Amino acid sequence: MQKRPRLAAVATATAALAVIAAGPASGGDPTVSDPRIVAHFDFAAGQTAENIALEPDGSADITFAFAHQVARVTKEGGTTILATLPEVPDAQTPVGGAVALGIARAHDGTLYVTYVTGTEETGVWRIAPGGGEPEQIGFFPVDSFPNGLALDEKCGTLYTADSRLGRVWSLPVTGGTPTAWATGAALEPTAQVPFGANGLKVHHGAVWVSNTARETLLRIPVGPGPDHAAGPVETRATGLTSIDDFAFTGHGDTVLAALNQVDELELVRPDGSHRTVLTGADGLDNPTSVAVRAKTVYVNSAAFFNTLDPDPNLLLARISKNKL
C-alpha cells in the first residue's frame, strides 16, 4: 500500500533543537513504571495514532491522522473504528494530505475532532455518542492548522491550538466561526520549525499550550465574565525538545509531555524543571499524545519519522501519584 505523507517539514529542523534541560529526580515526583504496548496499528493504512480522549471504562478514543479515522481501543488492545472523516481529494496541507488531529470528549459521549484539509472542510467535526457519520460544526480558515483540542463544558467552549498560524482559537460548542482567543509570539512557529502551538489542555482556570518550535509549555489564564478573555501568556517550562501533546498527572501542575522526535516521555514539574521517564527502549516511536486516568498513563506513538520499521502504537504504564 502506498506510504502516507510524513511531517518532513518538521524533521528538517531536528538538528537545530536545543538539548533538554533535564532536572534530577525529586522525592515528590510521580513514578512511571511497567510500560507495555497494548495495541499496534497499521502504519501503511494511515493509522498514525495522533491524539487521545478517554472513556469512563478506560478505553481510549484515538485519532488516526492520515487515515482520518477515530478508533476506540480497549485497555486490552481491542480496536474498533468509530467514525471516518470524509475524503477530501484536493486536500493541501503542510504535511501533504488531510489529517485528523485533536480529540475531546463531552460527558455525554459526544466526540469533537479537528480535521485539517487546506479546504473549507478544515475545522472541528462532531461525532455522536457511540460513533457514526461526523458532522462539521466549526468552520476554520483554509490556511489554519487546528491541532490540539480541549472542551470546557462549564462555559460551552472548545479551544484548539493552531500550529501553523500560531494562536489559540475558541469556538462555541454549538459551532460556527472560531475566534482568535489568544495570539502572540509565544504561540507562533519559527523560521526553522513551522509548527508552533500544538498540544492543548484546560486546567484550573487556564488554557495550557505546548509550542513545538519554541520547545515550551505555556499557561494562559481564562478571564472572568461572559467573554472569558485570555490573560497574559506565561511560560512554565522550556527546553522541551519537539514537545507535542501533554497531560496533567493529577490535580496539581505536574505534567507528562510527549517529546515526539526524540522518542521520550518527559515529566515536567511545576517549577519548570523536567526529566525523562520513558524512552524508545520502552516502545515509544514518535510519541504524539498523553492521557492519565487514575493509576494509568496512556501514550500514543505515530511513528511519523521512523523510516526503518515504523510502529504506531498505544502504550500503557503505571503511574504513582503525588500532590504536586
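Those strands (runs of 3 or more DSSP E) of the stretch 137-255 in which at least 1 residues are among the hydrophobic types (A, V, I, L, M, F, W, C), farther than 19 Å from S289 by Cβ and in contact (Cβ under 8 Å) with a residue 40 or more places away in the chain, considering only elements entirely within it, cover 167-172, 179-182, 216-221.
Please find, within the stretch 117-136, the residue that is surrounded by the fewest Cβ atoms within 10 Å (Cβ to Cβ) out of those that are touching a strand residue (DSSP E or B) at 6+ places or on another chain (Cβ under 6 Å) and assigned to a loop (DSSP other than H, G, I, E, B). Only one residue fits best here, namely G131.
With respect to T276, is the statement that it is in a strand (DSSP E or B) and hydroxyl-bearing (S, T, Y) true? So T276 fits the description; yes. Under the condition of being of a type in the set (S, T, N, Q) and in a loop (DSSP other than H, G, I, E, B), the residues counted in the stretch 288-313 number 2. Evaluate the following for L265: is it among the hydrophobic types (A, V, I, L, M, F, W, C), in a strand (DSSP E or B), under 20 Å from N313 (Cβ atoms) and touching a helix residue (DSSP H, G or I) at 6+ places or on another chain (Cβ under 9 Å)? Here the answer is yes, as L265 does meet what is asked.
When the residues of the stretch 294-310 are filtered to those that are over 16 Å from the mean Cα position of the chain (by Cα) and of a type outside the set (G, A, S), which remaining residue is surrounded by the fewest Cβ atoms within 10 Å (Cβ to Cβ)?
So in the stretch 294-310, the residues over 16 Å from the mean Cα position of the chain (by Cα) come out as 294-296, 305-310.
Imposing the further condition that a residue be of a type outside the set (G, A, S) reduces the set to 295-296, 305-310.
On the way: K295: 11, T296: 15, F305: 18, N306: 17, T307: 9, L308: 4, D309: 8, P310: 22.
Applying the filter and picking the extreme gives L308.
Looking at A237, A197, A180, can you tell me which residue is surrounded by fewer than 18 Cβ atoms within 10 Å (Cβ to Cβ) and among the aliphatic types (A, V, I, L, M)? Lay out the reasoning, then the answer.
Working: A237 fails: surrounded by fewer than 18 Cβ atoms within 10 Å (Cβ to Cβ); A197 fails: surrounded by fewer than 18 Cβ atoms within 10 Å (Cβ to Cβ).
Unique residue meeting the criteria: A180.
Looking at this structure, is T93 assigned to a loop (DSSP other than H, G, I, E, B) and of a type outside the set (A, V, I, L, M)? Against the criterion (assigned to a loop (DSSP other than H, G, I, E, B) and of a type outside the set (A, V, I, L, M)), T93 qualifies.
Annotation: P35 fulfils all but one of (1) over 19 Å from the mean Cα position of the chain (by Cα); (2) touching a residue at least 12 places away in the same chain (Cβ under 8 Å); (3) not in a strand (DSSP E or B); the unmet one is (3). May I ask you to list the residues in the stretch 38-88 that are among the acidic types (D, E) and part of a loop (DSSP other than H, G, I, E, B)? Listed by number, the residues that qualify are D42, E55, D57, E76, E87.
When residues in the stretch 269-293 are screened for being surrounded by 21 or more Cβ atoms within 10 Å (Cβ to Cβ) and free of Cβ contacts under 8 Å to residues at least 40 places away in the same chain, 3 of them pass. Quick check on the stretch 160-168. Is at least one of its residues over 17 Å from the mean Cα position of the chain (by Cα) and not small (G, A, S)? No, because not a single residue in the stretch 160-168 is over 17 Å from the mean Cα position of the chain (by Cα) and not small (G, A, S).
Checked against (1) in contact (Cβ under 8 Å) with a residue 40 or more places away in the chain; (2) assigned to a loop (DSSP other than H, G, I, E, B), T114 meets all criteria but (2).
All of the numbers you see were taken from the coordinates with simple rules; none came from a lab. Just so it is clear, the model here is predicted, and its values are computed rather than measured. Positions of Cβ are generated from backbone atoms using ideal geometry, with glycine treated the same way; all protein chains shown enter the neighbour counts.
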